[in-house]
Amino acid sequence: MRTIKKYDVIIIGGSYAGLSAAMSLGRSRRNVLILDSGLPCNRQTPHSHNFITQDGVSPGEIAAKAKEQVLRYDTVQFKNALAVDAVKMEESFEVITADKETFSAKKLIFATGVADQMQNIKGFSECWGISVIHCPYCHGYEFRDEKTAILASDETIVHMSPLIANLSKDFTVLTNGPATLSEEQKQLLTKNKVYIVEAEITEIVHENGYVKRVVFKDSSSQEVRAIYAPLPFKQHSDIPEKLGCELNESGYVKIDDFFSTTVPGVLACGDNTGKGRSVAFAVHSGGMAGAVANKLLADEAFAS
């Protein structure tokens, strides 16, 4: 007969949201297992910003310090393992890892993040998170007054342009093909001296991930130092869907105001639940998800 180690909560994903959830639970004396595959989405990003007390610190350093602090709580364990499946049992969940280990818990928290879908442009993925960036709040100040571009072809351009214009007056919209903007939107950009280049891009020339210039299909090029590029994504883990957790219309795990998914006993936090992609957001949502999981467990024990 196989022996399955049982926990109060299993947290799948051990980056900022998962670690923050674990701290809330560890401080509540819950037996917790964190399963982490070691592939955070910001692993190429050299510095984290817009997170008070940690501004300018590398993401890896923040995560390492968080892990060290969380594991001071003796009821919290961390295992480097990829969770590949989970099954709802009568009063618990069983989680299976890639190396065929099985663990059981009363509650699950998914802090699994999302996987960005890189554009098929030479040099793009090497620059992602370094100088090809997604957020002016996380990275914009470091590229202030530099030659900047927005790489998009839809209404995202209109959303981002005022934010970028506040950081640099020297920026261009690169649509990598025909733009899908209305005439009114184009006129607004023109009025604000935002120029649109619809030529196809063949390469982003860079040095160690820092953009130097963009090369177009006609062999012309444009000097650029930073490129804002909103990307499509997919869920980093398909386990929530396997369990029956609904996704919203944007592709995020659907949660209520208390970080609970549509499956009772399953919670989610961090990048897999919404657009607020930052370390600060992940830490906040993880801490709240951990607190909610603890409350659910406490109420159930109190009522039994």
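Just one of the listed residues (Thr3, Thr45, Thr53) is out of contact with any strand residue (DSSP E or B) (no Cβ under 7 Å at 6 or more places or on another chain) and at positive phi, and it is Thr53.
For the structure I just gave you, tell me whether Thr102 is in the same structural domain as Ala268 (by TED's automatic domain parsing) and either more than 28 Å from Pro230 (Cα to Cα) or of a type in the set (Val, Ile, Thr) (or both). Yes, satisfied.
Restricting to the stretch 68-115, and then to whatever is closer than 18 Å to Ala21 by Cα and touching a His at 6+ places or on another chain (Cβ under 6 Å), can you tell me which residue is surrounded by the most Cβ atoms within 10 Å (Cβ to Cβ)? My answer is Thr112.
Just wondering, is there one or more residues in the stretch 70-78 that are within 22 Å of the chain's Cα centre (by Cα) and either in the same structural domain as Val263 (by TED's automatic domain parsing) or modelled with pLDDT of 95 or more (or both)? Taking every residue of the stretch 70-78 in turn, at least one turns out to be within 22 Å of the chain's Cα centre (by Cα) and either in the same structural domain as Val263 (by TED's automatic domain parsing) or modelled with pLDDT of 95 or more (or both). Answer yes or no: is there a residue in the stretch 181-195 that is out of contact with any helix residue (DSSP H, G or I) (no Cβ under 8 Å at 6 or more places or on another chain), surrounded by 13 or more Cβ atoms within 10 Å (Cβ to Cβ), within 21 Å of His49 (Cα to Cα) and in the same structural domain as Lys217 (by TED's automatic domain parsing). No, the stretch 181-195 contains no residue that is out of contact with any helix residue (DSSP H, G or I) (no Cβ under 8 Å at 6 or more places or on another chain), surrounded by 13 or more Cβ atoms within 10 Å (Cβ to Cβ), within 21 Å of His49 (Cα to Cα) and in the same structural domain as Lys217 (by TED's automatic domain parsing). The residue pairs whose first member lies in the stretch 289-301 and is in a helix (DSSP H, G or I), whose second member is of a type in the set (Asp, Glu) and at pLDDT 95 or above, and whose beta carbons are closer than 9 Å, counting only pairs six or more residues apart or on different chains, are Ala293/Asp8; Asn294/Asp8; Leu297/Asp8.
Pick out the one residue from Val214, Val205 that is in the same structural domain as Asp170 (by TED's automatic domain parsing), in a strand (DSSP E or B) and in contact with a Lys or Arg (Cβ under 6 Å, 6 or more places away or on another chain).
Values: Val214 fails: in contact with a Lys or Arg (Cβ under 6 Å, 6 or more places away or on another chain).
Just one listed residue meets the conditions, Val205.
Of the residues Gly56, Gly60, Gly38, Gly14, only one is surrounded by 15 or more Cβ atoms within 10 Å (Cβ to Cβ) and of a type in the set (Gly, Ala, Ser); which?
On the way: Gly56 fails: surrounded by 15 or more Cβ atoms within 10 Å (Cβ to Cβ); Gly60 fails: surrounded by 15 or more Cβ atoms within 10 Å (Cβ to Cβ); Gly38 fails: surrounded by 15 or more Cβ atoms within 10 Å (Cβ to Cβ).
None of the other options fit; the residue is Gly14.
With respect to the conditions (1) outside any strand (DSSP E or B); (2) β-branched (Val, Ile, Thr); (3) in the same structural domain as Ser250 (by TED's automatic domain parsing), Ile130 falls short on a single one, namely (3). Across the stretch 235-265, the qualifying residues are those that are within 22 Å of Leu39 (Cβ to Cβ) and among the aliphatic types (A, V, I, L, M), and the one among them that is farthest from the chain's Cα centre (by Cα) is Leu243.
Only one of Lys254, Lys234, Lys295, Lys275 is within 23 Å of Ile96 (Cβ to Cβ) and basic (Lys, Arg); which? Quick ask: steps written out before the conclusion?
Details: Lys254 fails: within 23 Å of Ile96 (Cβ to Cβ); Lys295 fails: within 23 Å of Ile96 (Cβ to Cβ); Lys275 fails: within 23 Å of Ile96 (Cβ to Cβ).
Only one candidate qualifies: Lys234.
Which one of Glu200, Glu246 is assigned by TED's automatic domain parsing to the domain that holds Ala179 and either surrounded by 16 or more Cβ atoms within 10 Å (Cβ to Cβ) or touching a residue at least 12 places away in the same chain (Cβ under 8 Å) (or both)? Just one listed residue meets the conditions, Glu200.
The values are calculated or read from the model by the stated rules, or taken from the named source; none is laboratory data. Being a predicted model, the structure only gives us computed values, none of them experimental. FYI the Cβ positions are ideal-geometry reconstructions off the backbone, even for glycines, and counts take in every protein chain you see.
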